[in-house]
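Since the structure comes first, as structure tokens, the remarks are kept for the end.
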Amino acid sequence: MKVLLTGGAGFIGSHTCVELLSQGYDAVIADNFCNSERDVITRCEKITGKKIACYDADVADKEAVSSIFAKEKIDAVIHFAGYKSVPESVKLPVMYYRNNLDTTLTVLEVMKEFGVKIFVFSSSATVYGDKNPVPFTEDMPTSTTNPYGTTKLFIEKILTDTAAADGEMSVVLLRYFNPIGAHKSGLIGENPKGIPNNLMPYIAQVASGKREMLHVYGNDFNTPDGTGVRDYIHVEDLAKGHVKALEYAAKNAGCEIFNLGTGIGYSVLDIVKAFEKANGIKIPYVIDPRRPGDIDESRADVSKAAKILGWKAEKNLDDMCADTWNWQKNIK
Ligand code: NAD
Ligand code: UD1
């Protein structure tokens, strides 16, 4: 099966590309490198020993996407391409709606033209909003607290309608929890531009000396130690979840939603301690006020993915911390 990975040079896309190639799939990448580096492709080729067809293309550009489908015999699409920063989406909502929705609509139009029926989408646990009790199950009501999250919710709706309109279409919506870690080779990982918004990249930059200390956003949450609790998942486990989703989609029409998490919650201070222990590096921190929009706890119910996809996360927090540092320590 030949799979088009839009945004395949990014953090999650690159790990999924490596996993697909190592399981015998063919992968084609389309990325405009607005949030990734070109040498990621060479690094993925180095890990897998395989050549990757990569197109420097804006996935919202219909002509560009059509020409990829005309050249490659694409069987399925995993749609990673999009903007993902919550604070940026609050400042620049139109840019977020434009990119995240346009890329999706363009890919769907071109898939229809070329008769491609399998679509896997990078959704997010952010669609569970701030009202549901943990653990989150796929059938819970959805809501959002920021434009980034709303793009995910709108796209989920567009894809649900698309699958309902075409009996041969298969759509899988993957709601990722908090992906961290890096490939065990240390060749690919997450390298955010500017000041990291997310916890693990920030900790990794404190460890490398690039940032002075971690700012812990609040210690008055309704959690055992007062800091926010999240369901962190190793990006390599997440990548394997995509392969399982493709296998499922190849056999089943319709639209299904799956949580991809571990089902285990860790607080901010748990993560700091685990990073220190795994890597023998002290992470200085201060307690700051809460960040707007943050919830007490986010954690997946992972039983649906286990039952239907036969997928379960295998790596633990120690692996996530060690692999993050193994990648970060080589970044200049
Ligand atoms: P990333 O920014 O590392 O990867 C996204 C890739 O898409 C980048 O390589 C970027 O250059 C590319 N891209 C963006 N707009 C494009 C366009 N118009 N045309 C072509 N390429 C374009 O992000 P990631 O962490 O790998 O996330 C992948 C997907 O998963 C995103 O849709 C994101 O919203 C979603 N997601 C991520 C997380 C997370 O914590 N990382 C959590 C939930 C959902
Ligand atoms: C955030 C986004 C979410 C997105 C996800 C993955 C918000 C409100 N939510 O989730 O929509 O899908 O990233 O990209 O932005 N923390 C600190 N100090 C830091 C950074 C984070 O204490 O410097 C804390 C946060 O308060 C939170 C935890 O660490 O309790 C995890 O934060 P983060 O990594 O940003 O992920 P989420 O907030 O879960």
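P(r) tail for the stretch 157-238: Cα pairs beyond 16 Å make up 68% of the total. Loop-resident chymotrypsin sites (Phe, Trp or Tyr not before Pro) (DSSP state other than H, G, I, E or B) in the stretch 247-317 with no more than 15 further Cβ atoms inside 10 Å of their Cβ are absent. Among 281, 155, 188, the largest mean-square fluctuation in a Gaussian network model of the chain, built with springs joining Cα atoms closer than 10 Å, belongs to 281. Rounded, prolate or oblate, given the Cα gyration tensor of the stretch 95-137, with a/c below 1.5 counting as rounded? Oblate, since a/c reaches 1.5 and b/c is not below a/b. For the chain, the calculated P(r) over all alpha carbon pairs, in 20 Å bins from 0 to the bin holding the longest distance, is 32, 61, 7 percent. If you sort the three axes of the alpha carbon gyration tensor as a ≥ b ≥ c, you get a/c of 1.5 or more for the stretch 274-318 and a/b no higher than b/c, which makes it oblate.
Please determine, in degrees from 0 to 90 and to the nearest 10, the orientation of helix 317-328 with respect to the longest principal axis defined by the Cα atoms of the chain, where the helix direction is its Cα long axis. Result, in degrees: 80. Charges were assigned to the Cβ only: +1 to each Lys and Arg, -1 to each Asp and Glu. The resulting dipole of the chain about its Cα centre is roughly 580 debye. Per DSSP H run of at least 4 residues, take -39500 (n - 2.57); add these up for the chain, divide by its residues and hand me the 222 nm value, nearest 500 deg cm²/dmol. The helix-only estimate for the chain comes to -12500 deg cm²/dmol at 222 nm. Loop-only chymotrypsin sites (Phe, Trp or Tyr not before Pro) in the stretch 39-105, please: DSSP not H, G, I, E or B, and at most 10 other Cβ atoms within 10 Å. Counting only loop positions with at most 10 other Cβ atoms within 10 Å, none of the chymotrypsin sites (Phe, Trp or Tyr not before Pro) in the stretch 39-105 qualifies.
Here the stretch 1-154 is treated as a Stokes sphere of Kirkwood radius computed over C-alpha pairs; at 4 °C and 1.567 mPa s its diffusion coefficient rounds to 80 µm²/s. The Cα atoms of the stretch 228-332 define a convex hull whose projected area, averaged across directions, is 8.8 nm². Computed from point charges on the beta carbon alone (+1 for Lys and Arg, -1 for Asp and Glu), the dipole magnitude for the stretch 194-312 about its Cα centre is near 360 Debye.
Go through 239, 128, 42 and say which Cα lies farthest out towards the positive end of the charge dipole of the chain; charges sit on Cβ, +1 for Lys and Arg, -1 for Asp and Glu. Projecting each Cα onto the dipole axis, the largest value belongs to 42. Annotation: Cα Rg of the stretch 78-174 relative to the compact-globule expectation 2.2 N^0.38 Å equals 1.11.
Which shape class, rounded, prolate or oblate, goes with the stretch 28-99 when its Cα gyration tensor gives a ≥ b ≥ c as root eigenvalues, a/c under 1.5 marks rounded, and past that a/b bigger than b/c marks prolate? Since a/c reaches 1.5 but b/c is at least a/b, the shape of the stretch 28-99 is classed as oblate. Exposure proxy ranking for 1, 111, 213, based on other Cβ atoms within 10 angstrom of each Cβ and starting from the fewest, stands as 213, 1, 111.
Only the coordinates and a few stated rules stand behind these numbers; no lab work does. Since the model is a prediction, treat every value here as computed from it, not as a measurement. Positions of Cβ are backbone-derived with ideal geometry, glycine not excepted, and every protein chain shown enters the neighbour counts.
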